[in-house]
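Visitor: If you scroll down you'll find the structure; I have some questions about it.
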Amino acid sequence: MALLEAAGIGLRFGGVAALADVSFAVEQGEVLGLIGPNGAGKTTMLNVISGVLPPSAGRVSFAGAIITGMRPHRIAKLGIARTFQIVQPFGQLTVRENVAIGAMFSRRRIPHRDEALARAQAALERVGLSARAEHSPRQLTLAERKQLELARALAMEPKLMLLDEVMAGLNQAEVGRIVALIREINQAGLTIIMVEHVMKAIMAACHRIVVLHFGRKIADDTPEGVVGNAEVIRAYLGDRFAERHRSRRGIDAPR
Amino acid sequence: MPLRLARWSGLALALALMVAAPLVIGGYWLRILTSIYMYAVVAQGLNVIVGFAGYHAFGNVVFFGLGAYIVGVAVTLGAPLALAIVLAPIGAMLAAAVLGWPLLRLKGHYFAIATVALNLAMNDLIINVGGVTGGAEGLPMPLGTLAPEALNELVYFLMLGAMVASALIVLWLSRSPLGYALRALKDSALGAEVMGINTTLAKTLAWALSAGMTGTVGGIWGYWINFLEPGSAFDIGISVNGYIMMLVGGMGTVLGPVIGAFFLETVSTIIWGEFIKVHLLILGLLIILVVMLLPEGLLFHFRRLVPRRKAAP
């Protein structure tokens, strides 16, 4: 049985269908990429899974239980962690305390401050941010804030992690480090859904990719399959390019 | 460690002085100290909901008035003082929990305005209910058996106890999961929710705690002045004073509101004695200066004066 299953998800904002009849499943231990052009509904999909936005149609089930309509904090306690594309640090708390929140309130519910802080320290070391533990999140660079988001999610010890563009705005070396980290935590048994625009990262980290376009699913395949998918190319690059691409395909196949 | 020891022994000394004060000082200064303690608790109550959770409850005086009327009505109906003073925070907390559920959905200034409106509504409610509350005419409470001096001393110690208790509660809060939840949701309610924090529950608990503190001193105050009227029990000036004290002392800290209360009440008493006609003008200017020059609060700047000694390598 899949760890997470989204069935027929629809979400309308007024007259705009942000998501329409989207269904997919994530198996235990998988890294699933969620890609698509701007406005395709990727972040909206993560908002539906994490309970931030209740869908207008369909349902989401996690580990066998239906979680649609649950408040975000209940879903978090069931073992789903998420990061935000626009980072949401808690400015009143130090970096370490920010991460400790994850340990205090999520699945494990560690009420003891020192123990939560110790777990936070471990998570910070894992993402390479332990030198900044006593700083305010306001003092961090963008790359460090993204690492902080990751550490907070890690400290929740989730079963499923939703990553929303954790690599946007990072340089090559930083992207490489985060990809390595994602692989490492996945190998430790964590299932991951990642929304990302950095294709190199997606290709390197994902087992499978779901492509959204205008709120609809247009592909659900291996990374190699998705790259060669004519509809995906059309969505990203337009009809003319797709035409040219098809005629050249024999000579100049995508890597 | 020595710094910590110095801090705790300093606090113990200050507390011993406050306990011994009635032996030395006269009625005038005893009353001023009593009102400092009272305001420290009002400021501490605001500290919980504003300093920690970031919900600007300008109308928090509603719980002060509620506490006062609970004690007033209970004592008038013949309840012993001890029972009445326990009922005051319970009533205030229940009111905050019930009203907080809908009101705490409002954000920013909308919440602030709603609390002010709530205070006005409660004021009108007391006036219109009349009966056992005395309505607009006020509620004269039965005279106790205590001589005025003994009453003042009793109230002094009750207020002192309330101040110490509220500071200890905030100390606990600053280290507890609830305190962390509040400081987290202050900056990002969404971030807090997806990290497993039930923000509705945390906010409601915070406001109930805040109301309990405010209601307690409201109740003691009601017994102290012995005559209640809605206009003075629900006087928004009490909230405003507490708010300034919290800001001046340092919001979100454990001792800031207490320091703010001592500072502002003492300074305002001195100014009042020296410039009786323009004391509010001078006090107002002083507050503006403090808030502009020391926006982090006095406590923050005291701390910077103490050199931080690094641990020996």
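No value in this document is a laboratory result; all are computed from the given coordinates. Computed from a predicted structure; not experimentally measured. Every residue, glycine as well, gets a Cβ built from its backbone with ideal geometry; the counts of neighbours run over all protein chains shown.
Visitor: P(r) for chain A: what percent of alpha-carbon pairs falls in each 5 Å bin, starting at zero?
Guide: Per 5 Å bin, starting at zero, the Cα-Cα P(r) for chain A comes out as 1, 6, 13, 17, 18, 16, 12, 8, 4, 2, 1, 0, 0 percent.
Visitor: If you scale each eigenvalue of the Cα gyration tensor by 5 and take the root, what three semi-axes come out for the stretch B:1-143, rounded to whole angstrom and sorted largest first?
Guide: 31, 25, 13
Visitor: How big, on average over all directions, is the shadow cast by the Cα convex hull of the protein assembly as shown, in nm²?
Guide: Result: a mean projected hull area of 33.0 nm².
Visitor: If you don't mind, there's one more thing I want to ask. How many angstrom lie between the C-alpha centres of the stretch B:226-287 and the stretch A:215-238?
Guide: 66
Visitor: Please state the relative contact order of chain B as a whole percent: Cα pairs under 8 Å, 6+ residues apart?
Guide: Computed value for chain B: 32 percent relative contact order.
Visitor: On to the next question. Please compute, for the alpha-carbon atoms of the stretch B:97-156, the extent along each of the three principal axes and give them in descending order in Å.
Guide: The Cα atoms of the stretch B:97-156 stretch 48, 29, 18 Å along their principal axes.
Visitor: Taking neighbour Cβ counts within 10 Å as the exposure measure, how do B:63, B:262 sort from fewest upward?
Guide: Starting with the residue having the fewest Cβ neighbours, the order is B:262, B:63.
Visitor: Applying the Karplus parametrisation 6.51 cos²θ - 1.76 cosθ + 1.60 with θ = phi - 60° to the phi angles of the stretch A:111-125, what ³J(HN,Hα) value in whole Hz is obtained for each residue in order, glycine and proline being reported as x?
Guide: Per residue, the Karplus-derived 3J(HN,Hα) values read x, 7, 4, 5, 5, 4, 5, 5, 5, 4, 4, 4, 5, 5, 5 Hz.
Visitor: In whole angstrom, note down how far apart the Cα centers of the stretch A:139-210 and the stretch A:1-73 are.
Guide: What the calculation gives is 19 Å, centre to centre.
Visitor: Per residue of A:108-118, how many C-beta atoms from partner chains lie within 10 Å of its own C-beta, taken as a mean?
Guide: 2
Visitor: Whose amide H sits under 5 Å from the amide H of residue A:220, counting only residues 5 or more places off or on another chain, with H placed in the peptide plane?
Guide: So residue A:220 has HN proximity to A:211.
Visitor: Taking H placed 1.01 Å from N in the peptide plane, check which residues at least 5 places from residue A:58 or on another chain put their amide H under 5 Å from its amide H.
Guide: Close amide H contacts, sequence-distant or interchain: A:10.
Visitor: What are the residues whose amide H is under 5 Å from the amide H of residue A:30, where those residues sit 5 or more places off or on another chain and H is modelled from the backbone?
Guide: A:192
Visitor: Taking only DSSP H segments of four or more residues, each worth -39500 (n - 2.57), what value at 222 nm results for the protein assembly as shown once the sum is divided by all its residues, to the nearest 500 deg cm²/dmol?
Guide: -19000 deg cm²/dmol
Visitor: Mean separation of Cα pairs under 8 Å and 6+ residues apart, divided by the residue count of the stretch B:55-152: what relative contact order is that in percent?
Guide: Relative contact order for the stretch B:55-152 comes out at 37 percent.
Visitor: Here's something else I'd like to know. With no solvent and one point on each alpha carbon, what is the Debye value of log10 I(q)/I(0) for the stretch B:113-221 at q = 0.19 Å⁻¹?
Guide: -1.07
Visitor: Could you tally the net charge around residue B:99, taking each other residue with its Cβ under 14 Å from the Cβ of residue B:99, Lys/Arg +1 and Asp/Glu -1?
Guide: Overall, the nearby charge balance is +2.
Visitor: Between residue B:145 and residue B:106, take the C-beta separation as r, use R0 = 51 Å, and let me know the FRET efficiency to the nearest 0.05.
Guide: 0.65
Visitor: Where in chain B are the helices, taken as whole DSSP H runs, whose Cα atoms extend 18 angstrom or more along the long axis and whose Kyte-Doolittle mean reaches at least 1.0?
Guide: Span-like helices in chain B: B:2-24, B:61-76, B:81-103, B:108-129, B:148-175, B:236-249, B:256-274, B:279-293.
Visitor: May I ask for the distance between the Cα centers of the stretch A:81-128 and the stretch B:1-58, given as a whole number of Å?
Guide: Measuring centre to centre over Cα atoms gives 33 Å.
Visitor: Total Lys pairs in the protein assembly as shown closer than 29 Å by alpha-carbon, pairs eight or more apart in sequence or interchain only?
Guide: So the count of such lysine pairs works out to 27.
Visitor: Per residue of the stretch A:176-185, what does 6.51 cos²θ - 1.76 cosθ + 1.60 with θ = phi - 60° give for ³J(HN,Hα)? Whole Hz please, x for Gly and Pro, Karplus curve as stated.
Guide: Rounded to whole hertz, the list is x, 5, 5, 4, 4, 5, 4, 4, 5, 6.
Visitor: Taking a quarter of the surface of the convex hull around the Cα atoms of the stretch B:208-313, what do you get in nm²?
Guide: Its average projected convex-hull area is 9.9 nm².
Visitor: Normalise the Cα radius of gyration of chain B by 2.2 N^0.38 Å (N = residues in it) and let me know the number.
Guide: It is 1.01.
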